[in-house]
Every structure is written in structure tokens, then in C-alpha cells.
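Structure record follows, encoded as C-alpha cells.
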Amino acid sequence: MLNRVLVYFSSEEEVDYLLSFMEVLKKKYKNIEITGIYVKDISKYDVIPPMVEGLVIDSTNNYILSEWNELEQKHEKQIKEKFLNKIEGEFYTKEGNASDELLEEMKLHDLLIFAKEIYLKNEIKNIFKLHYKPIIAVPKLAHYNFEKILIADDNGLNINKSFFEFIKLFDDIKEFTALSINSETESKKDLNIYLNKIDKKINYKEEIGNEVEILKDYAYEADILVIGNLRYSFILEKLTGKIGVKIIEKINKPIFLF
């Protein structure tokens, strides 16, 4: 059962569509608590060159730091105001390394939600590698829903873990579509043997062809895509072009993984 959700905002551009997604989630699960978080990431200040003798360099550094600080305070204020105007919940501002702060805050939450952009930011890559709670990466869409669930099924352990975590959090959802692409596994497990006992059902689909393109076609009709986690293989998959990272970057739907 879903109790507490953490929503990470890294820029003003993400606020409106993340809040639209959260409004859909809150409407469906009325009793959840929602926490918004903005992190003043101190790593960006590492670009300031070390101080050297001379007042000109010192004053330049101080001016840049002051400008950045004022800009971040402005972003923080606007994000917080938008959040509290639409969501009944708490909002925190932290200062430090963004991924470290998020991992720490996840201890008190069931789920982390953040914006999914075309090119993943460093803190988001770290979350994909290090997360220990479920996450949903949300792209910018005109509309969101939380009814049609698509599972990227490779018959592996990771997708099995993600799926069972999903049904534990969202226990009211009764029907799912599981898509296998280019599967050659003879010992494929039919999860309906288990799900029938808890009044749930998976509709299995099998396709042959380009994995990403087929998945994009199926995801077009879905609201949420469930995939297996990438925490141990993110860099390797990026280098080898394997399917997991391509899904995250190319599929323009909310993606759940554990």
C-alpha cells in the first residue's frame, strides 16, 4: 500500500507537469502523503576556480556565487509556491549533493518521483544506480492516467521484483499487459498462477522485431511502463547499447522500476 511519496523538483520547467501527474495520483490514492523537495546542489560551485592573490579574482568569485545563490533562492521560492498551491503536503529545501540528499529522504518514503528528460542529469543517473526504493520517472505529457499498466517482460528476476513491488504499492489495479519481445525462454513463468489467487490478471503479448520501436508502440496506449532495475548495469548498458537504458531515454511515458 502506498503511504508516502517524495517528489523531486530540480527546475521550474518540471513543476507543472510533475504536479499534474501528482494530482492524478492523489485523486486515485486519496490518503497518501506527498513531500516535495528541492536541493541546492553544492557540486555546481566546484566550477569556481581556486582563489589566488588579487582582489579582482576574489570579487569576481564572490559576485558569481552571489548571483547563483540569488537565482537558486528565486527558483526555490517559485517551485515551493506552485507546489503548495496545488498539493496539500510538505515541502523541503536541502543543501548538498542532490543524489545523496534524495537517497537519505527516501528512507521515510515508499516511492520517489522525478522528471524524466531526454538526457538524464547526473543526479538522476546516480539514483538509477543506487536507489533502494521504487521510483517513477515522469516525462512531460499533456495528460496522465494510472490505469493501463504495461510490463516490459524479459522473464528475468529484476522485472519480477519490480512488478511485485508495483502491485504491493498499487494494490487496487487488477489487470496488466506483459510484453515479451524476441523472447527465446522456454521456461517462461505464467504469473497468473499467483495473481488469480489475489484477483489480478496478466495478459501476455509476444512480438518479434526492434525492441525499442515495438515497446514504443505498445507504450503509446499505456499509462505506466514497469521495467526491471538498472542499478548494477547502468554504465555497462550505456556503453553496450543494451535495451534497458534505451527504454528510459526513448519511451515517452512514466516508467516505474525497483
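Data overview
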item	result
Among (1) surrounded by 13 or more Cβ atoms within 10 Å (Cβ to Cβ); (2) more than 21 Å from Pro254 (Cβ to Cβ), the one test that Lys189 misses	(1)
Thr35 being at pLDDT below 95 and of a type in the set (Val, Ile, Thr)	no
Leu150 being surrounded by 20 or more Cβ atoms within 10 Å (Cβ to Cβ) and not charged (D, E, K, R)	yes
Test: residue in the range 110-121 that is outside any loop (DSSP other than H, G, I, E, B) and open to solvent by 30 Å² or more (accessible area, probe 1.4 Å)	no
So Ile181, is it open to solvent by less than 60 Å² (accessible area, probe 1.4 Å), at pLDDT below 95 and closer than 11 Å to Phe258 by Cβ	no
Condition check for Glu72: farther than 25 Å from Pro134 by Cβ and in a strand (DSSP E or B)	no
Condition check for Leu141: of a type in the set (A, V, I, L, M), closer than 28 Å to Lys250 by Cα and surrounded by fewer than 17 Cβ atoms within 10 Å (Cβ to Cβ)	yes
Residue in the range 51-72 that is farther than 19 Å from Ser11 by Cα and either at pLDDT 95 or above or open to solvent by less than 30 Å² (accessible area, probe 1.4 Å) (or both) present	yes
Extreme residue, farthest from the chain's Cα centre (by Cα), among residues of the range 1-40 that are of a type outside the set (Lys, Arg) and part of a loop (DSSP other than H, G, I, E, B)	Asn31
The listed residue being more than 15 Å from Gly36 (Cα to Cα), surrounded by fewer than 21 Cβ atoms within 10 Å (Cβ to Cβ) and either in contact with a strand residue (DSSP E or B) (Cβ under 8 Å, 6 or more places away or on another chain) or without any contact (Cβ under 8 Å) to a residue 24 or more places away in the chain (or both), out of Lys80, Lys133	Lys133
Qualifying positions in the range 213-258 - at pLDDT 95 or above, among the hydrophobic types (A, V, I, L, M, F, W, C) and either over 22 Å from Pro134 (Cβ atoms) or more than 15 Å from the chain's Cα centre (by Cα) (or both)	Ala219, Ala222
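Listed here are the residues, each with its yes/no results for (1) within 26 Å of the chain's Cα centre (by Cα); (2) among the β-branched types (Val, Ile, Thr).
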position: Ile167; (1), (2): yes, yes
position: Lys174; (1), (2): yes, no
position: Leu179; (1), (2): yes, no
position: Asn182; (1), (2): no, no
position: Asp190; (1), (2): no, no
position: Lys201; (1), (2): yes, no
position: Tyr204; (1), (2): yes, no
position: Glu211; (1), (2): yes, no
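The values are calculated or read from the model by the stated rules, or taken from the named source; none is laboratory data. Keep in mind it's a predicted model, so treat the numbers as computed, not measured. Glycine gets a Cβ as well: all are built from the backbone with ideal geometry, and neighbour counts include every protein chain shown. These area figures cover heavy atoms from the full protein model, side chains too; ligands, DNA and RNA do not enter into them. Shrake-Rupley method; radii C 1.70, N 1.55, O 1.52, S 1.80 Å.
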